[in-house]
Amino acid sequence: MARWNSTRGVGRRSATLLGVAVTASFVLAACGGSSSAGGDASATAGGSSSAAPAADKIAVSLITKDSTNPFFVAMQAGAKAAGEKQGVDITIASGKAEGDDQGQIDAIENAISTKQKGILITPMSTGVNDAIEKARAAGLFVIALDTPPDPADTVDITFATDNRKAGQLIGQYAAAALDGKKAVIALLDIFDDKVVSVDYNRDQGFLEGMGIPVGDGKKNGDEPKTGKYTGGKGGDYVIVGNEATGANEEGGQKGMENLLAKNPDINVVYTINEPTAAGADAAMSAKGKKPADYILVSVDGGKSGVEDVKGGVIDATSQQYPLKMAELGVQAIVDIVKNNKKPEVTPGLDFFDTGVTLIATTPMAGVDSKDPQYGLDNAWG
């Protein structure tokens with residue numbers, strides 16, 4: 001495509017390598033799926049990475065979707081650092097992989113049985129709602145991070161990216177980058193059998209940003225498969241399909257291969273996160289697709305992902321801030337336990353918005369974005 005001179009495909013990074021090293025310091029700048037390797041060896045399903053808390057410490061569990069995705073590894077490190085500063089004993093727990101509802105349920109049960117004061121959780125799906133409600137009934141203050149539950153009032157409050165906006169930003173970018181050309185679209189989601197707000201908000205937001213009408217705003221895949229997109233200069237579109245990837249690199253590659261088998265002319269690829277984008281890029285490269293042949297967009301904004309934007313592997317990504325989510329969550333529990341002060345949501349939303357920034361090497365007219373250096377300066381991982 002003539003809209004830019006891309007170097008994508010040169011030195012492609014595997015997003016899973018982010019889990020090898022995570023800084024524990026907080027990135028407090030402006031104002032998250034799973035990978036298959038790396039992570040914090042002490043963080044296991046229902047397990048703890050800390051000794052019994054001192055009598056003067058507040059005991060809290062951080063329960064992520066897994067302990068391998070670089071996003072969640074960064075969040076865990078951030079929570080530990082915040083806990084040390086605030087006098088909070090953090091138990092790190094997680095599911096074994098994306099989709100492991102029972103692993104999170106077990107960790108919630110552990111927090112209840114050990115009489116902890118609160119839980120910070122990135123909810124796997126609606127499958128963990130009953131366990132969360134049980135924890136709240138037992139007197140624990142429960143805060144969601146990154147993934148607002150469905151419904152939102154399942155928890156006391158959520159600190160998260162506006163995932164709808166994150167999707168809209170990359171959709172707007174893709175539409176503008178097409179410059180009026182026909183869009184042949186691949187959608188790489190997390191699940192096809194679970195209701196997860198991050199999944200449908202990013203996917204549906206992307207379509208809205210493209211200017212494609214959506215059906216049920218909480219259901220992926222029921223939008224018109226052909227028609228006109230109105231974003232950018234507008235043009236024709238066809239949606240090849242949605243693939244569940246588990247939000248990891250292996251799933252991204254397999255999902256992309258499946259969609260390429262249906263239509264080899266795909267030129268727009270939406271991915272739920274950057275590990276998925278890495279897998280999609282590998283599948284496209286294996287089919288001989290050149291960098292300028294397609295637009296690849298994603299959400300995350302970790303260091304490796306932003307470097308992939310800089311190098312041309314990803315055209316644009318919506319950057320989110322997991323360390324800020326963790327810090328705010330820890331602070332909120334301290335405030336409620338010590339001062340009975342409950343946090344408030346962002347006006348007009350049912351969660352506290354921790355911010356999102358579009359990162360792109362090539363700016364597009366009418367789409368707000370920052371360059372990769374800004375992204376690296378504010379990246380996690």
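Kindly establish whether Pro148 is in the same structural domain as Glu98 (by TED's automatic domain parsing) and either within 24 Å of Gly251 (Cα to Cα) or not in a helix (DSSP H, G or I) (or both). Even if it seems obvious, please write down each step before you answer.
Working: in the same structural domain as Glu98 (by TED's automatic domain parsing): yes; either within 24 Å of Gly251 (Cα to Cα) or not in a helix (DSSP H, G or I) (or both): yes.
Yes: the conditions hold for Pro148.
Filtering segment 151-165 down to residues that are assigned to a helix (DSSP H, G or I) and polar (S, T, N, Q), which residue is nearest to Ser298 (Cα to Cα)?
Start the filter on segment 151-165 by keeping residues that are assigned to a helix (DSSP H, G or I), which leaves 152-154, 163-165.
Still in the list and also polar (S, T, N, Q): 154, 163.
Details: Thr154: 28, Asn163: 11 Å.
Selected residue: Asn163.
Listed conditions (1) in the same structural domain as Leu328 (by TED's automatic domain parsing); (2) over 22 Å from Phe71 (Cα atoms); (3) not charged (D, E, K, R) are all met by Gly180, apart from (1). Looking across Gln168, Gln253, one residue alone is surrounded by 24 or more Cβ atoms within 10 Å (Cβ to Cβ) and either modelled with pLDDT of 95 or more or not in a loop (DSSP other than H, G, I, E, B) (or both). It is Gln168. Evaluated against (1) in contact with a Phe, Trp or Tyr (Cβ under 9 Å, 6 or more places away or on another chain); (2) polar (S, T, N, Q); (3) within 21 Å of Ala332 (Cα to Cα), Thr154 falls short on exactly one condition, (1). Does Pro213 count as in contact with a Pro (Cβ under 9 Å, 6 or more places away or on another chain) and not in a strand (DSSP E or B)? Yes: the conditions hold for Pro213.
Hey, could you check segment 202-214 for residues that are out of contact with any strand residue (DSSP E or B) (no Cβ under 6 Å at 6 or more places or on another chain) and more than 14 Å from Asn242 (Cα to Cα) and say which is surrounded by the fewest Cβ atoms within 10 Å (Cβ to Cβ)? Steps first, please.
Of the residues in segment 202-214, the ones out of contact with any strand residue (DSSP E or B) (no Cβ under 6 Å at 6 or more places or on another chain) are 204-205, 207-209, 213-214.
Add one more test, that the residue is more than 14 Å from Asn242 (Cα to Cα), and what stays is 205, 208-209, 213.
Working: Gly205: 26, Glu208: 20, Gly209: 27, Pro213: 12.
For segment 202-214, the residue satisfying everything is Pro213.
I need the full set of residues from segment 330-359 which are touching a helix residue (DSSP H, G or I) at 6+ places or on another chain (Cβ under 6 Å) and aliphatic (A, V, I, L, M), in order please. Listed by number, the residues that qualify are Val330, Val334, Val356, Leu358, Ile359.
Checking the conditions here, which among Asn129, Asn110 is closer than 17 Å to Asp66 by Cα, in a helix (DSSP H, G or I) and in contact with a Ser or Thr (Cβ under 8 Å, 6 or more places away or on another chain)? Even if it seems obvious, please write down each step before you answer.
Working: Asn129 fails: closer than 17 Å to Asp66 by Cα.
Sole residue among the options that is closer than 17 Å to Asp66 by Cα, in a helix (DSSP H, G or I) and in contact with a Ser or Thr (Cβ under 8 Å, 6 or more places away or on another chain): Asn110.
Take Ile336 and decide whether it is in contact with a strand residue (DSSP E or B) (Cβ under 8 Å, 6 or more places away or on another chain) and either assigned to a helix (DSSP H, G or I) or surrounded by fewer than 21 Cβ atoms within 10 Å (Cβ to Cβ) (or both). Spell out how you get there, then give the answer.
Numbers: in contact with a strand residue (DSSP E or B) (Cβ under 8 Å, 6 or more places away or on another chain): yes; either assigned to a helix (DSSP H, G or I) or surrounded by fewer than 21 Cβ atoms within 10 Å (Cβ to Cβ) (or both): yes.
Here the answer is yes, as Ile336 does meet what is asked.
Taken together, the residues in segment 286-302 that are surrounded by 20 or more Cβ atoms within 10 Å (Cβ to Cβ) and part of a helix (DSSP H, G or I) amount to 1.
Answer with yes or no whether Ala261 is crowded, with 24+ Cβ neighbours inside 10 Å and modelled with pLDDT of 95 or more. The answer is no for Ala261. Restricting segment 80-135 to residues that are touching a Gly at 6+ places or on another chain (Cβ under 9 Å) and charged (D, E, K, R), the residue that is surrounded by the most Cβ atoms within 10 Å (Cβ to Cβ) is Glu98. Can Glu274 be described as surrounded by fewer than 24 Cβ atoms within 10 Å (Cβ to Cβ) and modelled with pLDDT of 95 or more? No: the conditions fail for Glu274.
Which of the following residues is in a strand (DSSP E or B) and touching a Ser or Thr at 6+ places or on another chain (Cβ under 7 Å): Val269, Val238? Break it down into steps so the answer makes sense when it comes.
Working: Val269 fails: touching a Ser or Thr at 6+ places or on another chain (Cβ under 7 Å).
Val238 is the lone residue from the list that is in a strand (DSSP E or B) and touching a Ser or Thr at 6+ places or on another chain (Cβ under 7 Å).
Filtered by the rule that a residue be buried (at least 24 other Cβ atoms within 10 Å of the Cβ) and part of a loop (DSSP other than H, G, I, E, B), segment 185-201 gives Ile190, Val196.
The values are calculated or read from the model by the stated rules, or taken from the named source; none is laboratory data. What you are looking at is a predicted structure, and each value in this text was computed from that prediction instead of being measured. Quick reminder, even Gly has a Cβ in these numbers, built from the backbone with ideal geometry, and neighbours come from all protein chains shown.
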